[in-house]
1. Residues in the range 364-375: is at least one part of a loop (DSSP other than H, G, I, E, B), out of contact with any helix residue (DSSP H, G or I) (no Cβ under 6 Å at 6 or more places or on another chain) and not hydroxyl-bearing (Ser, Thr, Tyr)?
2. Return the only residue of Thr478, Thr509 being assigned to a helix (DSSP H, G or I) and either within 21 Å of Thr607 (Cα to Cα) or open to solvent by less than 50 Å² (accessible area, probe 1.4 Å) (or both).
3. Specify which of the listed residues (Asn369, Asn386, Asn415) is under 21 Å from the mean Cα position of the chain (by Cα) and more than 22 Å from Val4 (Cβ to Cβ).
4. Is there any pair linking a residue in the range 63-85 that is closer than 30 Å to Pro38 by Cβ to one that is among the aliphatic types (A, V, I, L, M) and open to solvent by 50 Å² or more (accessible area, probe 1.4 Å), with Cβ under 6 Å and at least six apart or on different chains, and which?
5. Would you pick out the residues in the range 300-328 that are at pLDDT below 90 and β-branched (Val, Ile, Thr)?
6. Using the structure shown, decide if Phe233 is open to solvent by 60 Å² or more (accessible area, probe 1.4 Å), at pLDDT 90 or above and closer than 30 Å to Lys519 by Cα.
7. Of all helices (runs of 4 or more DSSP H) completely enclosed by the range 523-607, which ones contain at least 2 residues that are over 21 Å from Asn237 (Cβ atoms) and at pLDDT 90 or above?
8. Quick one: which residue in Ile670, Ile629 is open to solvent by 30 Å² or more (accessible area, probe 1.4 Å), at pLDDT below 85 and hydrophobic (A, V, I, L, M, F, W, C)?
Amino acid sequence: MVNVTKSNFLEQLRDLLIHLPTASFVSIDEEMTGISLPGSRNSRPNKVELPSERYTNLLKEVPERYAILQVGVAVFHKNPKYKDPSSPSGGGGGGGSPSRARASSTAAEEEQRLLANGGDSDAMEHAFMHREGALNQDELEDLTEREEDNEADRFMAFAEAAASGNLSVRRPGDTDAQAAARAAATAGIRMYEEEEEEEPPQPEYTSRIYNFYIFPNAWSDRELTLNPSTIKFLMENNMDFNKVFEKGVPFTTVKHAEVLKERYFRKHSNNEAKKNGDRTPTKKDRVTLTSTSDIAFVARVMANLREWIDSDDSNLHNLINGQEGTSLVLPPCNAFLRRCLYETIEAEYSGLLLERADLSPNAGPTARNQIRVIRLSPEERKRRENRLKVEEWEKLLLGNLGFTTVFQAISDVCNGKVLTKERIEGFLDGSFPSPSVPLNEGGNGRQIPLIVHNGLMDLMFLLTHCHDPSLPKNFEETKMQIRHYFPNVFDTKVMSKEYSDAQIKGGSTALGDLFDTMKYVDIGEKFLFPTISNQESGVFEGQAHEAAWDAYMTGSVFNALGKRILEGKNMLNLDLTFNSLLHESSDSLLREYLGMNMIYMHVSLYTIDLESTSGPAGLHDPLSCGLSIDTTFHVSGITTSVSTRDILQALMAGSEGEGDVILRELKYDIIWIDDTSFFVGTRREEGVALDDWSTLKLIAMHVRNKLHDGLGNVDILSLENCFKKKNAAKDAGTGGFAKSIVSLATAPFQLLKRAMSSTSEQEPTSKKRRLN
């Protein structure tokens, strides 16, 4: 892992650009100056609030108000030394050995070999009985041990005889080891050579991790707002604010970056045209000297200049400060006289170069009032022009474009644009405006996935820093912007909560906990975390809540979870490796297995679908955890004494005797709205869809009957009908049902919180309502 600041940005930018095109996937994480609006930390978000309403009420303003301090980027590559244990030559991921090769032969083949060589009774018995299955495991191990002891004894006897010279196979000059080997080979005895030391198991991926410290430049319009609670948290986790404020890499929007680059290339294009005489010079009035002293000063300076030009070249190669060619510094003077000298010298000696003398690193105190005249050979002039052009470009990269270059490069590879070595080097020296090949020149390759963990805020912060400081008012437009830059996003939070098995779902899905869990869970082999190729120190473990280490953990968890999910799928006779799933499978399979473009929303009934723009009004994103709008119901009109336990008991009463297996396997989620209404979500075991109309009708009838029997006369509507009723009420201008679902869920939430914390004797102590 390497920390990236202004001091090493250009060097690490080159390293990142070189390694991006061959990446299997890229993960990111960020640390910000704030993650919640003032006052919102004391109120828990409403779980049934629509994503579009949550975006407008709570989310949108956060990345517009606060700033990113750190961006961690982890680039993961397929490890060429990794061997898949499921492949014939896999060998558990550690490489093959002679003993493993011998073990792979069948017992029947061994029996045939023994018969051809005259046979050995014990060995033939072993081969026959192993083939026929006549030995149990203990008997097989005893027989094998006996065979090995007998063969080892025979070998030692031959070796001693050969070493003592009692065997005729010993030749003059043979060492003892050579004689023993010759004896063993002649006698047809299989030698037990010392087995080659096995290569240690290799992880499937290697990684390179970059920890970018970013900070707006001095002329940026973006203000830095600090949330005290967040800053305290970052300080407790060793955030280096000196690196942020003193050495942070600047950033700008992609649009502004394009303007700056266009200005740079237009300037140098005009310089080329001027040099080639293709540009018509503009006519400008020259200054006129009237003062006698000024006229005399300019005359003296021009005389000295002519004498310098006419002098012997052998006396002129006194290079000043490593500058190209030879130079002469003119006497100090005021701005008026300097302009006159510029105009006079350019008119008489157009081949000379003029620049301010204070540009020299060791310029004296009067240098700012002086002119340096430089005389160059054609080769020196070309080298100087190239050097100044590169220096100007690097200054633009370091002072203005900064991290936006990284953002755009990651977006390019995520969109399948091709980065070649020629383009990368040309971009870094100012020859190309982008390291990627334009699409009209064949720059279309594979799309590299972007990995996040609970990454909705990370993605929106990137938009406000590198796209536009203001997010769109409409949440659907924000989702479209995210997909414009990153078309294939995987969220490990969603993968762990919705696409993994019960062991993962039942544990903590916080990033650090998931990372620790992956050390111990079984995924068909011991999971090896990706090695870090650019680690600055010898310490492997990083600092939690440091952006780069969190990005590394995110990518590692993605690898481990993906392999674990695929392990379960391969039990269905699928023959897929994790890497082939990522890069050779269809988008539909990636969505089905790993939840591509599904993003987690904190404390919400919904999961964000970056691809979805259809569905019932206001419901473009699906319900989380496998719930469906067709199998989730709004229940109202209950008494305040009803608890979550009462509801579950009503729903599950007599479930063992249900005739239909679907009804026996139903799982229920209860989400409270207020003291008299709640949602009940129904689902089956993971991977089992409830999309058949007759099944949906059966479930709806089951829920209604059970709740009516257990809770009395309550009102029950499917979630889809709730939205229809709500929208109809809005259209009619009555607002009658507008408070019954989302709007109702917003206002009474604090009332519910107070009601639950109340110790009123009127409410039963058994009433425990789950808020999330």
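The values are calculated or read from the model by the stated rules, or taken from the named source; none is laboratory data. Only a predicted model underlies this, so the values are computations on that prediction, with no experimental measurement involved. Cβ sites come from the backbone with ideal geometry, for glycine too, and all protein chains shown count toward neighbours. Surface areas here come from the heavy atoms of the whole protein model, side chains and all, with no ligands, DNA or RNA. Shrake-Rupley method; radii C 1.70, N 1.55, O 1.52, S 1.80 Å.
1. Initial filter on the range 364-375 (part of a loop (DSSP other than H, G, I, E, B)): 364-366, 370.
Subsequent filtering for residues that are out of contact with any helix residue (DSSP H, G or I) (no Cβ under 6 Å at 6 or more places or on another chain) retains 364-366.
The next check asks that each one be not hydroxyl-bearing (Ser, Thr, Tyr); those that pass are 364-365.
Yes: one or more hits.
2. Values: Thr509 fails: assigned to a helix (DSSP H, G or I).
Of the residues listed, the single one that is assigned to a helix (DSSP H, G or I) and either within 21 Å of Thr607 (Cα to Cα) or open to solvent by less than 50 Å² (accessible area, probe 1.4 Å) (or both) is Thr478.
3. On the way: Asn369 fails: under 21 Å from the mean Cα position of the chain (by Cα); Asn386 fails: under 21 Å from the mean Cα position of the chain (by Cα).
Exactly one residue qualifies, and that residue is Asn415.
4. Close Cβ pairs (under 6 Å, with a partner that is among the aliphatic types (A, V, I, L, M) and open to solvent by 50 Å² or more (accessible area, probe 1.4 Å)) amount to Ala67/Leu224.
5. Ile309, Ile320, Thr326
6. Details: open to solvent by 60 Å² or more (accessible area, probe 1.4 Å): yes; at pLDDT 90 or above: yes; closer than 30 Å to Lys519 by Cα: yes.
In short, yes.
7. On the way: elements: 547-570, 578-584, 587-594.
Counting at least 2 such residues, we get 547-570, 587-594.
8. Values: Ile670 fails: open to solvent by 30 Å² or more (accessible area, probe 1.4 Å).
Of the residues listed, the single one that is open to solvent by 30 Å² or more (accessible area, probe 1.4 Å), at pLDDT below 85 and hydrophobic (A, V, I, L, M, F, W, C) is Ile629.
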